[in-house]
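The values are calculated or read from the model by the stated rules, or taken from the named source; none is laboratory data. Bear in mind the structure is a predicted one, so any value in this text is a computation, not a measurement. Counting neighbours? That spans all protein chains shown, and the Cβs are built from the backbone with ideal geometry, glycine included.
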Amino acid sequence: MKVLVINCGSSSLKYQLIDMEGEQVLAKGLVERIGIAGSLLTHRTNGQKTEIQQAIPDHKVAIQLVIDALLSPQYGVLKNLSEISAVGHRVVHGGEKFARSVVVDAAVMAALRECSELAPLHNPANIIGIEACRALLPDAPQVAVFDTAFHQTMPREAYMYGLPYEYYQKYGLRRYGFHGTSHKYVSRRAAKLLGRPLSELKLVTCHLGNGSSITAVQGGVSVDTSLGFGTISGTIMGTRCGDVDPAIIPFLMEKENLTPAAMNDVLYKKSGLLGLSGVSSDARDIEAAAAEGNERAELALSVLAYLTRKYIGAYAAAMGGLDAIVFTAGIGENSITIRERVCAGLEFLGAKLDREKNKVRGQEVDVAVAGAKVRILVVPTNEELMIAQETAELVG
Ligand code: ADP
């Protein structure tokens with residue numbers, strides 16, 4: 001069975017065509033600058049890269065181009081469109097309506113539109129992607145896989161904020177959590193690596209990338225997570241602030257005469273690694289600057305590591321124990337120094353990093369010292385494969 005995985009952003013579209021027999025990526029690519037001058041499709045198959053530059057006014061045209069590329073006699077991988085058994089779509093927000101992936105029908109589309117209020121920047125693009133695929137691939141079932149669904153298992157005490165209850169009822173103000181597909185994927189891989197049933201395990205999965213979240217996974221389900229209603233709480237991120245005292249927000253709005261939109265910009269786009277360091281939002285640049293003695297870059301790294309460590313400790317307490325810490329995403333998979341900094345001080349929990357084993361990037365490996373009670377794992381995430389697996393399961 002071949003599954004097409006689509007991740008639609010407001011002006012971009014990522015795709016992968018995966019053959020579920022052997023879980024092979026047959027082709028993948030990216031459409032950039034949809035609706036903007038300079039649109040570009042980059043298509044990759046078996047080591048071959050093809051770039052197609054042409055006007056791409058909307059997502060339907062983008063998906064048509066992707067289909068043309070997949071069918072191309074020169075760089076395509078399909079003879080016939082009917083070879084695509086299903087399409088799996090990444091959808092950011094499923095609110096409280098979706099605790100698992102679903103086959104899209106009219107009722108699901110209506111529910112997705114209702115969830116758009118919770119993710120106004122993301123869900124509308126995801127919906128456009130689904131509609132375009134339904135029009136162009138009418139025979140393939142469309143499946144929605146949500147970033148939030150994995151976290152719907154959180155208990156009430158973990159997802160409720162201490163705000164007047166009526167706001168939860170009126171506006172759905174609660175913790176939802178994101179990156180669920182990644183946390184789910186790496187927790188399953190962690191159980192395999194540990195050779196133990198997931199149902200027995202207490203894990204803290206640290207997805208540290210441009211956006212970051214840390215999740216407590218107990219018995220294979222999410223019981224708490226650091227992102228909340230929006231995508232800014234928890235540890236600091238590339239440009240997002242992480243946990244701040246909410247009292248700062250009205251204070252700063254008054255002092256700096258900021259509108260709500262300008263305040264949002266500060267919290268989402270000018271903070272985090274970039275705001276603290278003044279160097280960059282990219283961890284590699286900051287590591288390089290810190291190594292050259294830049295004190296604010298050093299500060300940014302230490303805040304990232306400290307907050308991550310604090311969440312690991314908090315979630316070990318929430319679960320009443322810990323079997324493994326799992327590092328994933330750009331920083332988690334690749335940054336030797338950040339993993340080292342995060343783990344420094346966790347020895348009391350039984351988590352001791354082996355500094356030699358930790359000198360790895362992007363490999364599935366256990367980097368704790370031999371015999372340590374709590375294992376420390378590096379697990380490259382693969383959200384596309386997880387989406388394809390869930391899609392195949394639903395339509396298979
Ligand atoms: P996104 O959230 O956009 O998917 P990624 O998961 O790709 O982001 O993570 C991007 C982050 O990973 C950037 O901060 C980048 O600097 C960091 N990163 C990637 N490779 C390395 C590396 N070798 N060392 C340190 N950080 C890295």
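Numbers at a glance
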item: Tabulated pairs, the range 198-211, first more than 16 Å from the ligand (Cβ to nearest atom), second of a type in the set (D, E) and modelled with pLDDT of 95 or more, C-beta under 7 angstrom, 6+ apart or interchain; result: L201/D323; K202/D323; L203/D323
item: Output for the range 224-271, where each listed residue is of a type in the set (S, T, Y), assigned to a loop (DSSP other than H, G, I, E, B) and touching a helix residue (DSSP H, G or I) at 6+ places or on another chain (Cβ under 7 Å); result: S226, T235, T239
item: Qualifying residue in the range 162-175 (condition: part of a helix (DSSP H, G or I) and in contact with a Ser or Thr (Cβ under 9 Å, 6 or more places away or on another chain)); result: no
item: Test: K202 is of a type in the set (K, R), modelled with pLDDT of 95 or more and out of contact with any Leu (no Cβ under 7 Å at 6 or more places or on another chain); result: no
item: Number of the exception - A370 against (1) crowded, with 17+ Cβ neighbours inside 10 Å; (2) more than 20 Å from L198 (Cβ to Cβ); (3) in the same structural domain as K202 (by TED's automatic domain parsing); result: (1)
item: Residues within the range 372-392 that are away from the ligand (no atom under 15 Å from the Cβ), of a type outside the set (A, V, I, L, M) and within 21 Å of the chain's Cα centre (by Cα), tallied; result: 3
item: Test: residue in the range 334-350 that is surrounded by 16 or more Cβ atoms within 10 Å (Cβ to Cβ), within 16 Å of the ligand (Cβ to nearest atom) and assigned to a loop (DSSP other than H, G, I, E, B); result: yes
item: Verdict on R284 being part of a helix (DSSP H, G or I) and loosely packed, with under 15 Cβ neighbours inside 10 Å; result: yes
item: Residues located in the range 205-223, provided they are surrounded by fewer than 24 Cβ atoms within 10 Å (Cβ to Cβ) and of a type in the set (V, I, T); result: V221, V223
item: Given (1) within 20 Å of the chain's Cα centre (by Cα); (2) under 23 Å from M154 (Cβ atoms); (3) without any contact (Cβ under 8 Å) to a residue 60 or more places away in the chain, index of the condition S222 fails; result: (3)
item: The lone exception for G234 - which of (1) out of contact with any strand residue (DSSP E or B) (no Cβ under 8 Å at 6 or more places or on another chain); (2) within 16 Å of the ligand (Cβ to nearest atom) it fails; result: (1)
item: Test: residue in the range 286-298 that is within 14 Å of the ligand (Cβ to nearest atom), touching a residue at least 40 places away in the same chain (Cβ under 8 Å), farther than 18 Å from S233 by Cβ and assigned by TED's automatic domain parsing to the domain that holds Q363; result: yes
item: Meets criteria (touching a helix residue (DSSP H, G or I) at 6+ places or on another chain (Cβ under 7 Å), of a type outside the set (A, V, I, L, M), more than 19 Å from G362 (Cα to Cα) and within 16 Å of the ligand (Cβ to nearest atom)) for S281; result: yes
item: Elements of type strands (runs of 3 or more DSSP E) in the range 1-46, at least 3 residues being aliphatic (A, V, I, L, M) and over 18 Å from I128 (Cα atoms); result: 24-32
item: Leading residue by the ranking (surrounded by the fewest Cβ atoms within 10 Å (Cβ to Cβ)) among those in the range 313-333 that are assigned to a helix (DSSP H, G or I) and within 16 Å of the ligand (Cβ to nearest atom); result: G330
